[in-house]
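Notes for the one structure printed next.
The values are calculated or read from the model by the stated rules, or taken from the named source; none is laboratory data. Model, not experiment: these values are computed from the prediction. Methodologically, a virtual Cβ is constructed for each residue, glycine included, from the backbone with ideal geometry; neighbour enumeration extends over all protein chains shown. Heavy atoms of the whole protein, side chains included, go into the accessibility calculation; ligands, DNA and RNA do not. Shrake-Rupley method; radii C 1.70, N 1.55, O 1.52, S 1.80 Å.
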Amino acid sequence: MVEARGSGRGKVILLGEHAVVHGEPAIAAGLSHEVEVRVRPDPHGASSVSNGLRAALEAAAKAVGVRDADGIAIEISGNLPIAVGLGSSAALSVALVRALSASVERSLSLEEAARLANEVEKVFHGTPSGIDANTAARGGLLWFETGPPMRWENVEAGGALSIVIVLSGEEHDTGHTVGALRRRVGASPPVYRPVFSAIGELVRAARTAIEKSEWRLLGELMSMNHELLRACGVSTKALDRVVDEARARGALGAKLTGAGGGGAAIALAAPGEAAQLAQSLRDGGWEAFPA
Ligand code: MEV
């Protein structure tokens, strides 16, 4: 084993989170924010790994075929906010499998990095659809279906999307939110099925809107998606306030992004106006930045 590094990108889900776990399509975008992992052989490596990280390291080592996870020291760095719905666990999983495979001089295709990272993601939240790991590995704008078979495609946007990320100020726990919704779905499948299928239709319409640069329509679809997620019980008062405020300050649409239950929201600005919208939200006391 040699010293090596690997990185994975953060992501926003533009539309379709949660419903994607239940078989509907979703659209996600990779961020330039990243997590970077450096690994090196170290007989006392175990002491550099926190308890929370140990299971992920062991899963990544197993996925990649590295035998002695205890003999590895890890350093994590990067500029991606953690535990706020921007895919930090998937970015970390991708960075880990890339760093470990590089350390045994094995190169991973995008396909393999996404597949192995999704195995590691299971440590963080039991039943990931695969959208976070795929976006963290591939970047770009992705159409994703969990399948089987799992399927992804690049979406060709008609123009640049002016997205603003807004942090609600609440941390969240993806595994908890996904698991709690799964239990509610299990108790009343006929109630939730049409809601997920409506979200699937929103995602299909949004793809066409993105391809044709129909930003006003895309904004409307994002706001509708938020209301359906809210109906499913995965929003919070703070996320609802962010969404209302972003729209009041000129966003074409806004919604929570990722698992919800806290975390982040995204707002769609008119073309070229993301910086202005982010500034207006910051003036209102929110942590907001264009993506
Ligand atoms: C989390 O970023 C997205 C969810 O749809 C879970 C998943 O797809 O694994 C909530």
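A few notes on this one:
- Pair list, Cβ < 7 Å and 6+ apart or interchain, from the stretch 265-280 residues that are of a type outside the set (V, I, T) to residues that are open to solvent by 20 Å² or more (accessible area, probe 1.4 Å) and assigned to a helix (DSSP H, G or I): L268/W215; A270/W215; P271/W215
- Filtered residue count, the stretch 1-46, keeping only those that are open to solvent by less than 20 Å² (accessible area, probe 1.4 Å) and either within 10 Å of the ligand (Cβ to nearest atom) or not in a strand (DSSP E or B) (or both): 12
- Among the residues of the stretch 1-35, those identified as in contact with a Lys or Arg (Cβ under 6 Å, 6 or more places away or on another chain) and either charged (D, E, K, R) or closer than 28 Å to G71 by Cα (or both) are E3, R5, G6, E34.
- Filter pass, S197 being of a type outside the set (D, E) and open to solvent by less than 20 Å² (accessible area, probe 1.4 Å): no
- Qualifying position, being closer than 20 Å to F144 by Cα and either within 16 Å of the ligand (Cβ to nearest atom) or more than 13 Å from the chain's Cα centre (by Cα) (or both), among G78, G85: G85
- Within the stretch 101-135, the only residue that satisfies the criterion of being basic (K, R), within 16 Å of the ligand (Cβ to nearest atom) and modelled with pLDDT under 95 is K122.
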